[in-house]
1. Which value, in Å² rounded to 10, gives the accessible area of SER83 with a 1.4 Å probe and all protein chains present?
2. Of the listed pairs LYS45/LYS94; LYS41/LYS115; LYS59/LYS111; LYS45/LYS115, which have alpha-carbon separations greater than 24 Å here?
3. Describe numerically, in nm with one decimal, the distance between label points set 7 Å from Cα along Cα→Cβ at LEU48 and at SER93.
4. Tally Lys/Arg at +1 and Asp/Glu at -1 over every other residue whose Cβ is under 10 Å from the Cβ of ASP58; what's the total?
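The values are calculated or read from the model by the stated rules, or taken from the named source; none is laboratory data. Bear in mind the structure is a predicted one, so any value in this text is a computation, not a measurement. Backbone-built Cβ (ideal geometry, glycine too); neighbour counts: all protein chains shown. Keep in mind that these areas ignore ligands, DNA and RNA; they rest on the heavy atoms of the full protein, side chains included. Shrake-Rupley method; radii C 1.70, N 1.55, O 1.52, S 1.80 Å.
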Amino acid sequence: MYSILNDSFLNEKLATRTPAVNIAENDNQFEVELAVPGLSKEDIKINLDKNVLSVSADKKTETTDETKKYTKREYSFSSFSRSFTLPESADQSKIEADYTAGILKLTIAKKEEAKFQSREIAVK
């Protein structure tokens, strides 16, 4: 049964707004990817406070639908905040961010002394 009060806008607002995150590590760096579609680079804020890296966004959108004798306006506020504690091996002076196709990718270099160095060990 369809109801005029069954507004998809309300259902969307009840859904979680915390972005999905992928975290990977290799010998040289850590990579953090956040799925944040629909945002622009200007909406995203990245801060580092001691060893805590915070990513947040605030976006306000407004749509207007003018029909017959009334105007309907919908305001949408999207916001989130995620924080990550960086390990001791992270080089806090070498953090880069790139936003492409709805994915925010943070690359955090490792300190030189923390990089895994492979070597062959001779058997005596």
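1. 70 Å²
2. Numbers: LYS45/LYS94 17 Å; LYS41/LYS115 31 Å; LYS59/LYS111 35 Å; LYS45/LYS115 29 Å.
Pairs exceeding the cut-off: LYS41/LYS115; LYS59/LYS111; LYS45/LYS115.
3. Each label point lies 7 Å from its Cα, and together they span 1.0 nm.
4. Local charge sum for ASP58: +2.
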